[in-house]
Amino acid sequence: LHHIHVSAVQTVPLPPMLGQVLGVANADFAGRQEADGRLRMTISTGDWHHPAGPLAPDEIQPPAYMVSTIIERGAYVLPAVREARINRVWGGLLDMTPDGLPVIERTPGVEGLIVAAGFSGHGFCLGPITGQLIAALVTEATPCCPLDPFRLARFATVETDASPELLG
């Protein structure tokens, strides 16, 4: 896994203007309006290259230019964003696999260990089906869909620039 830094901006409550989630496949922008009217907008700022170990909260906060970029991209689609008051700003890290798909499988050679990781920020969305798949693996039932696309072995020939510290 490697990490992607994501920056987020949330406005104060606004009148309804977005009934669906907006997303761009390359993570240039995503946005949604929450039930209370606040808009939450995010962008990926790229790979996170940081030494292994604990992070101070301010190390992942987005810089001012990134906040401006989020607001500009949001205003391109929703012009009201340009004048909206900002409620809060934050940054975070997403765990990513090279192909963007999670790893879901029993761990070979470790009895009883099932891995479900690398959801690339889609963990909440994929939670229900992931729960079903994990339950099938735990009970040794047949999963509802093939798990081959989610096996760790798919990366056996993938080269990485990850340092040994990050690989454990």
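General remarks:
- Whichever residue in the range 127-159 is more than 11 Å from Ile104 (Cβ to Cβ) and β-branched (Val, Ile, Thr) and, among such residues, is surrounded by the most Cβ atoms within 10 Å (Cβ to Cβ): Val138
- The residue pairs whose first member lies in the range 83-96 and is touching a residue at least 24 places away in the same chain (Cβ under 8 Å) and over 30 Å from Val115 (Cβ atoms), whose second member is in a strand (DSSP E or B) and not β-branched (Val, Ile, Thr), and whose beta carbons are closer than 6 Å, counting only pairs six or more residues apart or on different chains, are Asn87/Gln10; Arg88/Gln10.
- Members of the range 51-75 found to be touching a residue at least 24 places away in the same chain (Cβ under 8 Å) and either touching a Gly at 6+ places or on another chain (Cβ under 7 Å) or more than 19 Å from Val89 (Cα to Cα) (or both), listed by number: Pro51, Ala52, Ile60, Gln61, Pro62, Gly74
- Against the numbered list (1) out of contact with any helix residue (DSSP H, G or I) (no Cβ under 7 Å at 6 or more places or on another chain); (2) surrounded by 14 or more Cβ atoms within 10 Å (Cβ to Cβ), Gly23 comes up short only at (2).
- Scope the range 120-133; condition free of Cβ contacts under 8 Å to residues at least 60 places away in the same chain and touching a strand residue (DSSP E or B) at 6+ places or on another chain (Cβ under 7 Å); matching residues: Thr130, Leu133
- Qualifying residue in the range 82-105 (condition: of a type in the set (D, E, K, R), buried (at least 18 other Cβ atoms within 10 Å of the Cβ), assigned to a strand (DSSP E or B) and at pLDDT 90 or above): yes
The values are calculated or read from the model by the stated rules, or taken from the named source; none is laboratory data. The shown structure was predicted, so the numbers you read here are calculated from the model rather than taken from an experiment. Counting neighbours? That spans all protein chains shown, and the Cβs are built from the backbone with ideal geometry, glycine included.
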